[in-house]
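Okay, structure first, notes after.
Here, each number is a calculation from the coordinates, and none is a lab measurement. Since we're looking at a predicted model, the values are computed, not measured. As a convention, Cβ positions derive from the backbone with ideal geometry for all residues, glycine included, and neighbour counts pool all protein chains shown.
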Amino acid sequence: MLSVPVLISPIIILDWYIWGYSLCYATASNKYIGSLKYAVLRQLKHSAKETYTNTRGSVLVMNHFLFNLLFKIICGAFTFPGCIAERGRVLPMLVFVFIWSVIIYNPVTYWFWNSNGWLYKMDVLDFAGGNCIHIVCGFTCLAYSYILGPRNPKALYNYRHANTGYIVVGTLLLSCGWVGFVAGCEYKFSYNSVAIMVTTILGASSAAIVWTAIDYIFSREAITDDGVVDLPSDRASVNSTGSKTHHSNPITKRKLSMVSVTSGIVSGLVVVTPGGGYISSNNDLWKPITFGIVGAALSNLSTRLKYYFNIDDALDVFAIHGVAGIVGSLLTGIFADKLYDSKGGWVSGHWKQFGIQLLGLVVTGAYVFIMSVVFLYIIDFIPGCHLRIDKNFNRRERERKLAKDHSGELESQNSAPVGEKLANELEQEYWEQVELLGSDNYEFSSEFMMDFIEFIKVIRPEDYSDTANEEILLSNSESVGVLNSGNEYYQAEAECRSRKH
């Protein structure tokens, strides 16, 4: 949903200004969360040229505040559109965004990037946010998708991407910004920052090739001499988007996918992020290529795990961000050079760094996942804050599975009156239809942010005949009738919703 990043950004910005920046970067007596020393940027009252200093250099506090605010916004933008995709409610998500921003993101950032953080003191390396952003993002989305449950299978019939062109353009814009923020973590423009840009580009490029190649190998489009042929529904294969397609297999043809290319680019950017400047020395530019190859391969294969665990991560956020962040952090522990006052990785003689990196990512992933699950369960129990549009969908799915195993016992136990049973069925059908219409229709008064209209012009000889105008008038009148019936449907839906609330 294109609207979600815009909705959550004001919450994140105000949190960051009031206390978020201070909780992340103000030194406190403990090693787990900052103080309120920098709340509402009050340190700038004494001097507008106050600086923030670490091992990479010094930067004005205002610049540091803004730079890291954008980190937090992009983390939320990566996370939450995929969390509620095609089934989640926006209002409970906004409640969780506030909790996530204060209790989950801020402490993790303090651990890694504050000089008093306990993981910082253990020398866990994270140059540009592999843990603070991408592992947080991946495990948050994993927890949210787990609590929400899978999408309604009816929503996946004839499933396709909303607009692949937007995906390509968005990935290109994202890549430009990504190269800048990884290099910007050095806090100055120098030869090293240019080397970091080259490192990031090499990692993204190699990952794009590997991800596309893997998808190309596993993709098989069934064809015959006459074109594409569909098999009956008893033979199904699952593609990388989560939808089920049915194919015949007399002859198979592999196909390229721009979604595969863009997914590979993003996974490569993610996997290079924790290494960043630690792997950007002049003689070791093969390292980001290694990062990209390994990260893309493992991230791509991990997209299949959601089918085994029945966790519907609609945008593969956990695979692309979480798994790639994990791989990048571990590879940093192996290949890091002795730069920016670090002791280097395994290949530099500091073999303990791999174990330190492993500890950092395990603690981060566990903390984010457990805290997210706990708070999501609490929010879901608050009246009016159920996370899913069709709040009884998961219960119905469990009952259907039980009915297959114990059909006779279940029927004897659930002998409800006919009238009550019919009312329940009507209510279930209503909410199922509302969810199938999507979050845009339910939450935004039919403002379809992700929908697009295709205009198809079919050229026929009859279009130029004398009767063409009559056919056009007839088709226009039929279209008006369809629109009127659609308006009546939405009016009836609104009345039904008002009666239920």
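How do CYS83, CYS141 line up, fewest other C-beta atoms within 10 Å first?
With the sparsest Cβ surroundings first, the list reads CYS83, CYS141.
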Does a label point 7 Å from the Cα of LEU358, set along Cα-to-beta-carbon, have any residues of segment 98-131 with amide nitrogen under 17 Å, and which are they? 123-125
Distance cut-off 19 Å, Cα to Cα: go down the list LYS121/LYS352; LYS31/LYS343; LYS255/LYS287; LYS72/LYS188; LYS121/LYS338 and report the pairs above it. LYS31/LYS343; LYS255/LYS287; LYS72/LYS188
Which listed residue (ILE18, SER3, SER58) has the Cα farthest towards the positive end of the charge dipole for segment 1-67, taking +1 on Lys and Arg C-beta and -1 on Asp and Glu C-beta about the Cα centre? SER58
Hey, any idea what Rg/Rh is for segment 66-151, computing Rh the Kirkwood way over Cα pairs? 1.01
Compute the length gained on full extension between LEU94 and LEU298: take 0.36 nm times their separation in residues and subtract their Cα-Cα distance, giving the result in nm to one decimal. 70.2 nm
I'd like the Karplus ³J(HN,Hα) series for segment 74-79: coefficients 6.51, -1.76, 1.60, θ = phi - 60°, whole numbers in Hz, and an x wherever there's a Gly or Pro. 5, 4, x, 5, 5, 7
Rank the residues ASP312, ASP123, ASP341, ASP215 as a footprinting-exposure proxy: fewest other Cβ atoms within 10 Å of their Cβ go first. ASP341, ASP123, ASP312, ASP215
Cα-based convex hull, segment 247-381, per residue volume (Å³, whole number): 160 Å³
Segment 117-220: proportion of alpha-carbon pairs further apart than 23 angstrom, %: 53 percent
Between PHE381 and CYS176, how high is the FRET efficiency from 1/(1 + (r/R0)^6) when r is the Cβ-Cβ distance and R₀ = 41 Å? Nearest 0.05. 0.45
The Kirkwood hydrodynamic radius of segment 2-140, taken as the inverse of the mean 1/r over all distinct Cα pairs, in Å, comes to 15.5 Å
Along the three principal axes, how long is segment 49-108 when you take its alpha carbons, biggest first, rounded to the nearest angstrom? 46, 19, 18
Would you kindly derive the ³J(HN,Hα) couplings of segment 282-295 from the backbone phi angles with the Karplus curve 6.51 cos²θ - 1.76 cosθ + 1.60 (θ = phi - 60°), listing them in order in whole Hz, with x for Gly and Pro? 4, 8, 10, 6, 6, 5, x, 5, 4, 4, x, 5, 5, x
Fewest-first ordering of CYS137, CYS176 by Cβ atoms within 10 Å yields CYS176, CYS137
Segment 261-322 - Rg (one decimal) and Dmax (whole number), Cα, Å: 13.2, 45
Working from the pairwise distances between different alpha carbons, so that the mean of 1/r is found and then inverted, what is segment 112-154's Kirkwood radius in Å? 12.4 Å
